[in-house]
Amino acid sequence: TPRDLFPDLLSRYLAAVKAFNDIRPQLGLELGTCKILQGNARRLDIPDSSVDGVLFSPPYSFAIDYLENDRPQLQLLGADIDHLRQSMVGLVGSGATKEARIESRVSNYFQDMEIVLLQCKRVLKPGRYCAIIIGSNTNQTGGVSLENGLVQIAENIGMSLEFQIMREIEGIRNTMREEFLLFFRKPLGRDESGAL
């Protein structure tokens, strides 16, 4: 049960935090500060060219219904679940058949992700990186690779894929076998030297 698994899961999280804190001085890492903003990634209230880096994992709403999965916590926070469902990336789409619904959702997903990536590019400082962690449950996307779609979108908007790392996923291999860490770079300017 979740209650039985919680102590083991918590001990793993605590071990990871301890390992990070142990290695931090050796690597000379300083903890930064943060400011939490709540909003929509398609409309970031952040100034142009003001962010040093972007790291996110877009929703796997094809594989996970986050709203149903997190309903108790969302209700406790007073969230309007019906409103969230209409505005979430990945859950919007309709069709008369299952295939039509999947095609509609995938198309809407990529349209939304293009807007999100344009926002990331806008707020990033020139030469900085946007790192995305994503995998595909191709059973639920009609065989479409979300990571390949994001690479294509990023290239179309002028953010080059500098490198990628593939990591095998353990535990849910029946739905997703691997995830990718994609590192996109905002260009410095027309000649890559910083001159515009």
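The values are calculated or read from the model by the stated rules, or taken from the named source; none is laboratory data. Small disclaimer: the values here were computed from a predicted structure and weren't measured. Note: ideal-geometry Cβ built from the backbone for every residue, glycine included; neighbour counts use all protein chains shown. Protein only, heavy atoms only, side chains kept; ligands, DNA and RNA dropped before computing areas. Shrake-Rupley method; radii C 1.70, N 1.55, O 1.52, S 1.80 Å.
For every other residue with a beta carbon closer than 12 angstrom to the beta carbon of Pro47, add +1 if it is Lys or Arg and -1 if Asp or Glu, then tell me the sum.
Net charge in that neighbourhood comes out at 0.
Extent of the stretch 47-168 along each principal axis, from alpha carbon coordinates, in Å, largest to smallest?
42, 35, 27
Determine the dipole magnitude for the chain: charges of +1 sit on the beta-carbon of Lys and Arg, -1 on that of Asp and Glu, nothing else is charged, the reference point is the Cα centre, and the result goes in debye to the nearest 20.
Once rounded to the nearest 20, the dipole reads 240 debye.
Once fully extended, how much extra length lies between Ser104 and Ile165, figured as 0.36 nm per residue of separation less the alpha-carbon to alpha-carbon distance?
Details: separation 61, 0.36 × 61 = 21.96 nm, distance 2.90 nm.
In short, 19.1 nm is gained.
Carbon and sulfur atoms: what percent of the 1.4 Å accessible area of the stretch 16-166 do they account for?
54
Order of 8-20, 40-52 by packing, highest average Cβ count within 10 Å first?
On the way: 8-20: 9.9, 40-52: 12.5.
So the order, starting with the most tightly packed, is 40-52, 8-20.
At 222 nm, what helix-only mean residue ellipticity would the chain give, in deg cm²/dmol to the nearest 500, using -39500 (n - 2.57) for each DSSP H run of four or more? Write down the numbers at each step before the final one.
Numbers: 6 runs with 80 residues, N = 196.
Theoretical 222 nm ellipticity from helices: -13000 deg cm²/dmol.
Cα atoms only: what Rg and Dmax, in Å, come out for the stretch 101-181?
13.5, 40
Rounded, prolate or oblate: which one fits the stretch 1-55, using the alpha carbon gyration tensor with axes a ≥ b ≥ c (rounded when a/c is under 1.5, else prolate when a/b beats b/c, else oblate)? Walk me through the numbers before you get to the answer.
Values: a/c = 4.21, a/b = 1.44, b/c = 2.93.
Verdict is oblate for the stretch 1-55.
Report the net charge of residues surrounding Gly149, where surrounding means a beta-carbon distance below 14 angstrom and charges are Lys +1, Arg +1, Asp -1, Glu -1.
Working: positive: Arg105; negative: Glu103, Asp112, Glu114, Glu147, Glu155.
Around Gly149, the charge tally is -4.
Pull up the cross-link candidates among the aspartates and glutamates for Lys186, meaning alpha carbon to alpha carbon under 15 Å and not fewer than 8 places away within one chain.
Result set, ordered by chain and number: Asp48, Asp52, Glu114, Glu155, Glu162.
Net charge around Arg122, counting only other residues with Cβ within less than 13 Å of its Cβ (Lys, Arg = +1; Asp, Glu = -1)?
Spelling it out: positives minus negatives among the neighbours equals +3.
Return the whole-Å distance between the Cα centroid of the stretch 79-154 and the Cα centroid of the stretch 1-50.
Centre-to-centre distance over Cα atoms comes out at 24 Å.
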